[in-house]
Amino acid sequence: MNQNPFLGVCYYPEHWPEDQWAGDAADMASLGLKQVRIGEFAWSRIEPEPGKFDWAWLDRAIHTLGDAELHVMLGTPTATPPKWLIDAHPDILAWDREGRPRKFGSRRHYCFSSETYRREAARIVEAVAARYGNHEAITAWQTDNEYGCHDTVRSYSPEAARAFRTWLEQKYGAVDNLNQAWGTVFWSQEYCSFEQVDLPNLTVTEPNPSHVLDFYRFSSDQVISFNRLQTDIIRKHSPDRDIVHNFMGFFFDFDHFAVSQDLDCVGWDSYPIGFLDVGPFPAEDKARYMRQGFPDIAAFHHDLYRTCGRGRWHVLEQQPGAVNWAPNNPAPLSGMVRLWSLEAVAHGAEAVNYFRWRQAPFAQEQMHAGLKRPDGANAPAYAEAQQTSTELPKLEFIDKDKAAKVGLVFSYDAHWLFEAQQQASGWHYPAIVFEWYATLRRTGLNIDILSPDAAFDDYTVLLVPSLPVLDDALVDKFAKTKAQVLFGPRTGSKTPTLTIPEELAPGPLQSALPLKVTRSESFPDFYRVNGTFAGAEVQGRAWLDHVETELEPLAISDEGGLLYNKDNLYYLTTLPEAPFLGAVTGMLAQNAGVDLTLLPPDLRLRECGGLSFLFNYGPEPVTAPEDIIPKDAALILGDRDMPPAGVCVWKKQQ
Ligand code: GAL
């Protein structure tokens, strides 16, 4: 882990008169910021006309920032191809699901499959990287900006159709293999050549789910190769600098684990209040956490992207005040910007960058707060960034963590599969994964969010909310861990091409956990499966697998067994409501010898590098109980009497 986390900011010199730059840079440095992230939307200023580059302003901007001893992270400007380029090559545009080209006038209007755009993107990245690759002020690069933002991973353009056919041909070799894999004999969907295969949009009723899943996988692969195109060029010109990309919150349309393989360090953009407003949270949570964001939103992504980055990650954009893009945009509770910053650090972030330095008085984001108001005065977040920058040096992390290793297995491919075949209106895989995460986090544990490809050896408890595609090797990996492993319903229920396995669900898991799902049903939101577990009443929802097995159920309902186990492996036949899940994970933790601390609803705990961090997400003050902050704890920040948005940090007793 990084032991000296630092702060930074996103800055757009092209938005401001040049005579403000030096003052801005000095102000940033005096605030204690170390990093400044620039350039990611500046193509129209870098290359105002085809082939005519204007580097002078960017040279001076980088020089000015470097002079103030700020480290510059330079973004490639490929999220915003300029108007002249689009007019010359309309084949660059992405098309929406309705088969309409998306227009110029905002951003991310390109299709990942456009050959023209790949050529043009390579050209501009080459030009920028060649010019600044060895510049001493440039310490890191960002590729593009937020791949997929504004629903842009899946494009339904002719260019995408062409590339999809090539992808299918590479995958299946012969079209008969595709027909077999997708079951195209159904409804006379058989193809005679790859040329005949179209994109799975605008069909009369649902398209073939195997076709949809392959299209989603292809679309993810296009992001991976587009990003790699950029990282290969940057590495050539700037070999010793980190390359990052800024991922988004609650966004799953491409495989972030895979894209991260080509990055040195991962970033993500944290807007907890915006995410709460747009997310499917219950009304009471939206009200209680309106100015804080739901307490697990930021942490969930910290724990996911830390794994993606193999331990190296930044918050590349931190919400500093009200944003502009949610239907409603409340300002954070006083103290929240500091809390979010410290919470990122508590999850191991190397850096937290605020978005943005000064609020722009023009264009789409003029209502989005920054550290500065549009008139240059300090906005409320400025003082919180200042306080955070004086507090970070007090946090002496040691490079050793004794926290129990608890993992939550998450698969992007599983998400696409369930999108292609939802089968229950209440089945939203990312929401289920988030709910399992939040339930587990209420017990005070550190959690790693893991890809199915991860090494599981160090874990004591592994939760697998669902993993529809399994193979023997993966089953073996789970069975051989020392971890207690809990699988949710629909695990092992599909082959890799989205058909039912010959041996039925849970497919190859049956060799280690001998039960067979003979049929499954799904339920509307109002229906609950009522059962008992460990003498208490419990409930499941949305799904029920009926199984054949010799195993005795650990939880049972009138409709059948709800939980089975053999050795270290457990299988739930329904989606457990939070108290049921809490009870099951409590049992697994106990079996694994892991201590749990049930946290009061608004408090969240994280241990990192020998320090314990406690966060009060509630709008009221709270006194932390002694089973959380021990009586004789050596406090470093804050106090056990925590105000709203309060943070307490103490040295963990080793
Ligand atoms: C992010 C994006 C930024 C800015 C910000 C506003 O999604 O990367 O460029 O638009 O949102 O909150």
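The values are calculated or read from the model by the stated rules, or taken from the named source; none is laboratory data. Here the structure is a predicted model, which is why all the values come from computation and not from measurement. In this analysis, Cβ positions are derived from the backbone assuming ideal geometry, glycine residues included, and neighbour counts consider all displayed protein chains. Surface areas here come from the heavy atoms of the whole protein model, side chains and all, with no ligands, DNA or RNA. Shrake-Rupley method; radii C 1.70, N 1.55, O 1.52, S 1.80 Å.
If only residues of region 129-152 that are within 16 Å of the ligand (Cβ to nearest atom) and charged (D, E, K, R) are counted, the one that is nearest to A326 (Cα to Cα) is D151.
Apart from one condition, V266 fits all of (1) surrounded by fewer than 23 Cβ atoms within 10 Å (Cβ to Cβ); (2) aliphatic (A, V, I, L, M); (3) within 16 Å of the ligand (Cβ to nearest atom); the exception is (1).
Would you tally the residues in region 81-98 being more than 28 Å from the chain's Cα centre (by Cα) and either in a helix (DSSP H, G or I) or in contact (Cβ under 8 Å) with a residue 40 or more places away in the chain (or both)? It would help to see each step written out before you state the result.
Within region 81-98, the subset more than 28 Å from the chain's Cα centre (by Cα) is 82-91.
The next check asks that each one be either in a helix (DSSP H, G or I) or in contact (Cβ under 8 Å) with a residue 40 or more places away in the chain (or both); those that pass are 83-88, 90-91.
Matching residues across region 81-98 total 8.
Tell me which residues, restricted to region 595-624, are open to solvent by 20 Å² or more (accessible area, probe 1.4 Å) and either more than 16 Å from E435 (Cα to Cα) or not acidic (D, E) (or both). D595, L596, T597, L598, P600, P601, E607, P619, E620, P621, V622, T623 - these are the residues of region 595-624 that are open to solvent by 20 Å² or more (accessible area, probe 1.4 Å) and either more than 16 Å from E435 (Cα to Cα) or not acidic (D, E) (or both). Give the residue that is farthest from A385 (Cα to Cα), with candidates limited to residues of region 308-323 that are touching a Lys or Arg at 6+ places or on another chain (Cβ under 9 Å) and either in a loop (DSSP other than H, G, I, E, B) or within 12 Å of the ligand (Cβ to nearest atom) (or both). Applying the filter and picking the extreme gives R312.
Look through region 547-563, keep the residues that are touching a Leu at 6+ places or on another chain (Cβ under 8 Å) and assigned to a loop (DSSP other than H, G, I, E, B), and return whichever of them is surrounded by the most Cβ atoms within 10 Å (Cβ to Cβ). Residue satisfying both the conditions and the ranking: P553.
Selection over region 324-335 of residues that are open to solvent by 20 Å² or more (accessible area, probe 1.4 Å) and within 12 Å of the ligand (Cβ to nearest atom) gives a count of 3. For H301, the conditions (1) within 18 Å of R604 (Cα to Cα); (2) in contact with a Leu (Cβ under 7 Å, 6 or more places away or on another chain); (3) within 14 Å of the ligand (Cβ to nearest atom) are fulfilled apart from (2).
Scanning region 369-393 for residues that are without any contact (Cβ under 8 Å) to a residue 12 or more places away in the chain and in a loop (DSSP other than H, G, I, E, B), we see that the one that is most open to solvent (accessible area, probe 1.4 Å) is D375. Based on this model, can you work out whether H89 counts as at pLDDT 95 or above and touching a strand residue (DSSP E or B) at 6+ places or on another chain (Cβ under 8 Å)? No.
State which residue is farthest from the chain's Cα centre (by Cα) when the search covers only region 419-430 and only residues that are open to solvent by 10 Å² or more (accessible area, probe 1.4 Å) and in contact (Cβ under 8 Å) with a residue 24 or more places away in the chain.
So the first thing to find is which residues in region 419-430 are open to solvent by 10 Å² or more (accessible area, probe 1.4 Å), and the list is 419-423, 425-426, 428, 430.
If we keep only those that are in contact (Cβ under 8 Å) with a residue 24 or more places away in the chain too, we end up with 419-421, 423, 425-426, 428, 430.
Numbers: E419: 17, A420: 20, Q421: 22, Q423: 25, S425: 23, G426: 21, H428: 16, P430: 10 Å.
Only one residue fits best here, namely Q423.
Quick one: which of N591, N568 is open to solvent by 10 Å² or more (accessible area, probe 1.4 Å), closer than 21 Å to G535 by Cβ and either at pLDDT 95 or above or not aromatic (F, W, Y) (or both)? On inspection, the qualifying residue turns out to be N591.
Condition check ((1) within 16 Å of the ligand (Cβ to nearest atom); (2) out of contact with any strand residue (DSSP E or B) (no Cβ under 7 Å at 6 or more places or on another chain)) across all residues:
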residue	(1), (2)
E343	no, no
L371	yes, no
D375	no, yes
Q387	no, yes
E391	no, no
L395	no, no
D399	no, yes
F418	no, yes
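With respect to the conditions (1) in a loop (DSSP other than H, G, I, E, B); (2) within 31 Å of the chain's Cα centre (by Cα), R37 lacks only one, and its number is (1).
This table checks each residue for (1) in the same structural domain as Q422 (by TED's automatic domain parsing); (2) crowded, with 18+ Cβ neighbours inside 10 Å; (3) of a type in the set (G, A, S); (4) in contact with a strand residue (DSSP E or B) (Cβ under 8 Å, 6 or more places away or on another chain).
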{"position": "W182", "(1), (2), (3), (4)": "no, yes, no, no"}
{"position": "F186", "(1), (2), (3), (4)": "no, no, no, no"}
{"position": "D198", "(1), (2), (3), (4)": "no, no, no, no"}
{"position": "I234", "(1), (2), (3), (4)": "no, yes, no, yes"}
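For residues in region 604-654 being part of a strand (DSSP E or B) and in contact with a Gly (Cβ under 7 Å, 6 or more places away or on another chain), which is nearest to A299 (Cα to Cα)? Looking at residues that are part of a strand (DSSP E or B) and in contact with a Gly (Cβ under 7 Å, 6 or more places away or on another chain), I get L605.
Filtered by the rule that a residue be among the aliphatic types (A, V, I, L, M) and away from the ligand (no atom under 16 Å from the Cβ), region 245-258 gives a lone residue, A258. Anything in region 638-651 that is surrounded by fewer than 19 Cβ atoms within 10 Å (Cβ to Cβ) and more than 22 Å from Y289 (Cβ to Cβ)? List them, or say none. Passing the criteria: D639, K651.
In region 433-508, which strands (runs of 3 or more DSSP E) lie fully inside it and hold 3 or more residues that are without any contact (Cβ under 8 Å) to a residue 60 or more places away in the chain and open to solvent by 20 Å² or more (accessible area, probe 1.4 Å)?
Details: elements: 447-450, 461-464, 484-487.
Per the criteria, no element qualifies.
Looking for something farther than 17 Å from D269 by Cβ and in contact with a strand residue (DSSP E or B) (Cβ under 7 Å, 6 or more places away or on another chain) - is there at least one such residue anywhere in region 313-327? No, region 313-327 contains no residue that is farther than 17 Å from D269 by Cβ and in contact with a strand residue (DSSP E or B) (Cβ under 7 Å, 6 or more places away or on another chain).
In region 41-52, the residues that are open to solvent by 90 Å² or more (accessible area, probe 1.4 Å) form Cβ pairs under 9 Å with partners that are in a loop (DSSP other than H, G, I, E, B) and within 15 Å of the ligand (Cβ to nearest atom), at six or more places apart or across chains, as follows: R45/P77. Within region 533-550, residues that are without any contact (Cβ under 8 Å) to a residue 40 or more places away in the chain have Cβ atoms under 6 Å from residues that are surrounded by fewer than 21 Cβ atoms within 10 Å (Cβ to Cβ) in these pairs: H546/T518; H546/R519; H546/G560; E548/K516; E548/T518, counting only partners at least 6 apart in sequence or on another chain. Within region 139-148, the set of residues being open to solvent by 10 Å² or more (accessible area, probe 1.4 Å) and over 12 Å from V223 (Cα atoms) comprises just one member, T139. Being surrounded by 19 or more Cβ atoms within 10 Å (Cβ to Cβ) and at positive phi, is that true of even one residue in region 169-178? Scanning region 169-178, I find no residue that is surrounded by 19 or more Cβ atoms within 10 Å (Cβ to Cβ) and at positive phi, so the answer is no. The set of residues from region 375-390 being among the acidic types (D, E) and either modelled with pLDDT under 95 or within 23 Å of R291 (Cα to Cα) (or both) comprises just one member, E384.
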